[in-house]
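In what follows, a single structure is set out as structure tokens and then discussed.
The values are calculated or read from the model by the stated rules, or taken from the named source; none is laboratory data. Every value quoted in this text rests on a predicted model; they were computed, and no experiment measured them. With ideal geometry, Cβ positions are generated from the backbone for all residues, glycine too; neighbour counts draw on all protein chains shown.
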Amino acid sequence: MWCTITLVHERNKILKSSKRMLQVENISFSYGRGKKEVLTNFSLSLEKGRVYGLLGKNGAGKSTLLYMMSGLLTPKQGRVMYHDTDVRRRLPLTLQDMFLVPEEFELPPISLISYIELNSKFYPRFSKEDMVKYLHFFEMGLDTDLGALSMGQKKKVFMSFALATHTSLLLMDEPTNGLDIPGKSQFRKFIASGMTDDKTIIISTHQVRDIDKVLDHVLIMDNNRVLLDESIAGICSKLLFVESDDRERAQSALYTLPSVQGNFLMLPNTEEEETEINLELLFSATLAMPDKIAAMFHAKKNEP
């Protein structure tokens with residue numbers, strides 16, 4: 001019996017390991033000597049086939065973390081492993097399989113066709129046909145002069161190029177900043193259309209309402225630790241999100257935020273009710289009572 005259980009545990013361990021795409025192992029980083037560390041002894045593990053929402057307060061280190069995941073910044077201590085390869089080595093095999101869309105960037109004043117010809121060669125799985133498809137989500141085409149675009153339009157083009165590279169890892173820092181309301185709606189459809197079982201997308205943002213419908217996993221970080229690392233399904237199985245003016249119900253809520261019609265309530269989901277996640281409410285609750293959230297979702301992970 002012991003051998004059978006051991007074999008099952010080993011098989012599960014191997015299966016879980018095969019799903020892991022990127023591991024952040026005890027990294028520390030600061031922007032120069034004598035400056036406060038942005039991240040200290042920070043660890044995180046990401047699996048393939050998921051759309052992660054990376055949430056945290058200003059200064060929590062989200063952007064820094066994305067840059068270290070892509071190998072553009074090097075940790076003072078620790079390492080970031082992508083498919084068992086240290087990203088600091090900047091190997092072509094690694095670089096051609098990941099793409100970072102930073103919050104701020106510049107595009108050269110050339111035609112989009114020229115841009116594609118110059119840059120697509122670095123990504124073996126780039127698809128011009130898919131590039132056209134993704135541009136259409138934003139009501140744009142290939143006949144575009146990059147120098148004549150607004151920042152929001154440049155972001156749409158750059159994100160379309162990023163998705164068309166078909167890298168296994170796509171990192172996006174505040175992708176909806178600069179987009180108008182129709183653009184934010186288009187963004188959600190755009191992300192859903194480009195997702196596959198072999199791709200991992202990480203979206204770091206403060207605009208939680210722009211991404212809550214496309215995520216299937218939530219990461220909330222603060223003070224050099226991950227406060228919440230859970231799938232949307234796992235969160236909604238334990239928590240119920242409602243809007244109500246019922247004072248009695250509000251008193252039994254785990255956390256509340258005022259709304260036009262009363263309060264947004266986060267309640268224990270004791271009856272296994274179907275619910276849509278309220279990411280803003282969850283984020284505020286996690287920062288306000290991190291230990292309680294950790295006990296709900298990570299008790300087993302913390303057990304020896």
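Confirm whether residue 226 is in contact (Cβ under 8 Å) with a residue 24 or more places away in the chain and under 28 Å from residue 39 (Cα atoms).
Values: in contact (Cβ under 8 Å) with a residue 24 or more places away in the chain: yes; under 28 Å from residue 39 (Cα atoms): yes.
Yes, satisfied.
State yes or no: is residue 239 under 15 Å from residue 281 (Cβ atoms) and either of a type outside the set (A, V, I, L, M) or more than 14 Å from the chain's Cα centre (by Cα) (or both)?
On the way: under 15 Å from residue 281 (Cβ atoms): yes; either of a type outside the set (A, V, I, L, M) or more than 14 Å from the chain's Cα centre (by Cα) (or both): yes.
Against the criterion (under 15 Å from residue 281 (Cβ atoms) and either of a type outside the set (A, V, I, L, M) or more than 14 Å from the chain's Cα centre (by Cα) (or both)), residue 239 qualifies.
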For this session: Looking at (1) out of contact with any Lys or Arg (no Cβ under 8 Å at 6 or more places or on another chain); (2) on the phi < 0 side of the Ramachandran plot, find the lone condition where residue 78 falls short.
Result: (2)
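Tell me, which helices (runs of 4 or more DSSP H) wholly within segment 96-198 include 1 or more residues that are within 19 Å of the chain's Cα centre (by Cα)? Steps first, please.
Details: elements: 112-119, 128-137, 151-164, 181-194.
In segment 96-198, 151-164, 181-194 are the helices (runs of 4 or more DSSP H) which contain 1 or more residues that are within 19 Å of the chain's Cα centre (by Cα).
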Problem set entry | Long-range neighbours under 8 Å by Cβ, at least six apart or interchain, first residue within 16 Å of residue 146 (Cβ to Cβ) within segment 82-109, second among the β-branched types (Val, Ile, Thr) and at pLDDT 95 or above | 107/157
Problem set entry | In segment 136-160, the residues that are touching a Ser or Thr at 6+ places or on another chain (Cβ under 8 Å), modelled with pLDDT of 95 or more and surrounded by 21 or more Cβ atoms within 10 Å (Cβ to Cβ) | 157
For this session: Within segment 68-94, track down each residue that is crowded, with 17+ Cβ neighbours inside 10 Å and not in a strand (DSSP E or B).
Result: 68, 69, 70, 71, 73, 75, 87, 94
